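Chemist: Attaching a single structure in structure tokens format; questions to follow.
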Amino acid sequence: MTQLSAAQTTPSGGSNALYGGKGTRRVTVRDIALAKERGEKWPMLTAYDAMTASVFDEAGIPVMLVGDSAGNCHLGYETTVPVTLDEMTVLSAAVVRGTRRALIVGDLPFGSYQEGPVQALRSATRLVKEAGVGAVKLEGGERSHEQIRLLVESGIPVMAHIGLTPQSVNAMGYRVQGRGEEAAQQLLRDAKAVQDAGAFAVVLELVPAELAAEVTRVLHIPTVGIGAGPETDAQVLVWTDMMGLTGGRVPKFVKKYADLREVMGNAAKAFAEDVVGGTFPLEEHSVH
């Protein structure tokens with residue numbers, strides 16, 4: 001993936017100050033809002049540890065999501081549902097420590113905000129105070145309206161998440177959301193609800209491209225697409241998917257930018273063969 005400079009031009013003719021910027025201060029939700037006003041598109045990647053986050057930070061990725069997708073990618077769970085707030089706090093703190101510039105968004109896991117606004121505030125406060133995240137993300141549109149409102153009123157920026165919401169996999173499965181007139185209208189209501197509640201951005205996951213484009217036109221807050229076509233204001237991918245580290249099938253909307261699974265596998269085999277064959281370590285690897 002080619003890194004573009006801070007002088008990268010945008011459709012509006014300006015420069016993309018959000019992606020590739022050289023400043024060392026943290027990106028803020030105000031920067032995100034200004035990007036929408038300027039017509040700048042920007043990338044977001046997931047991150048779950050300090051080392052990986054530092055690589056993405058140096059590459060100029062302006063926003064990183066410490067997603068509960070860590071449950072599938074790193075913790076060995078079949079879904080995101082088992083992920084706990086304690087686990088998210090540890091992972092989020094690691095990503096914050098590994099970065100200097102990116103806005104870090106911590107996911108509120110299943111069961112940490114569904115009881116209502118007070119529980120949501122208590123959970124989000126942990127991620128802000130203990131992990132140091134700059135914002136939190138939670139799933140749900142109209143049903144999460146009150147949670148979002150209280151968090152924002154309490155000074156915690158919120159990124160909303162509608163469309164396919166993986167924490168609801170037991171109820172909705174993994175399928176495209178927003179198909180058909182009734183479903184499309186509900187998704188539009190959800191998008192407007194989270195905007196009205198004060199969310200600074202909203203993730204649209206696995207929704208028809210035409211519907212995502214309409215939502216993007218209607219809202220004044222940025223939309224972040226994942227499997228939602230090219231017309232959203234930003235795009236996010238799970239980093240292990242786009243780097244080719246995920247085994248087995250990956251979603252159709254994923255573009256693989258590298259094949260780290262093959263690279264790492266080959267390196268592990270080469271190391272093993274050197275050890276078995278007695279060619280590692282050699283004199284240059286030894287101390288006396």
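Chemist: Which FRET efficiency, nearest 0.05, do VAL169 and VAL275 yield, Cβ-Cβ r, R0 35 Å?
Modeler: 0.25
Chemist: Using the alpha-carbon centroid of each, what span in Å lies between region 94-128 and region 230-249?
Modeler: Measuring centre to centre over Cα atoms gives 22 Å.
Chemist: Based only on Cα atoms, what mean projected area does the convex hull of region 173-227 have, in nm²?
Modeler: Averaging across all directions leaves 3.6 nm² for the Cα convex hull.
Chemist: Shifting gears a bit: What ranking do 77-86, 215-224, 268-277 get when scored by the average of other Cβ atoms within 10 Å per residue, highest first?
Modeler: 215-224, 77-86, 268-277
Chemist: Another one. Return a whole-number percent for the relative contact order of the chain, with Cα pairs under 8 Å and 6 or more residues apart as the contact set.
Modeler: Computed value for the chain: 14 percent relative contact order.
Chemist: Could you give the size of the charge dipole of region 7-154 about its Cα centre, using +1 on the Cβ of each K and R and -1 on the Cβ of each D and E, expressed in debye and rounded to the nearest 20?
Modeler: Dipole magnitude for region 7-154 comes out near 680 debye.
Chemist: Mean residue ellipticity at 222 nm from the helices of the chain, using -39,500 (n - 2.57) per DSSP H segment of n ≥ 4 over the full residue count, to the nearest 500 deg cm²/dmol?
Modeler: -11000 deg cm²/dmol
Chemist: Cα to Cα, under 28 Å, and not fewer than 8 places away if on the same chain: which lysines meet these conditions relative to LYS252?
Modeler: List returned: LYS36, LYS41, LYS137, LYS192.
Chemist: Just want the ordering: ARG249, ARG189, from fewest to most Cβ atoms lying within 10 Å of their own Cβ.
Modeler: ARG249, ARG189
Chemist: Oh, and also: Which of these, LEU75, LEU18, LEU121, has the largest mean-square fluctuation under a Gaussian network model of the chain (Cα springs below 10 Å)?
Modeler: In the Gaussian network model the winner is LEU75.
Chemist: What's the Kirkwood radius of the chain in Å, using all Cα pairs?
Modeler: For the chain, the Kirkwood estimate is 19.8 Å.
Chemist: Just to confirm the filter: which GluC sites (Glu not before Pro) across region 83-142 are DSSP coil and have at most 14 other Cβ within 10 angstrom of their Cβ?
Modeler: Filter output for region 83-142: GLU115.
Chemist: I would also like to ask the following. Determine the percent antiparallel among the DSSP beta bridges restricted to the chain, to the nearest 5.
Modeler: 5 percent
Values in this text are rule-based calculations from the coordinates and carry no lab data. On a predicted model such as this, the values are computed, not experimentally measured, just so you know. Heads up, the Cβs are rebuilt from the backbone with ideal geometry, glycines too, and the neighbour counts pull from every protein chain shown.
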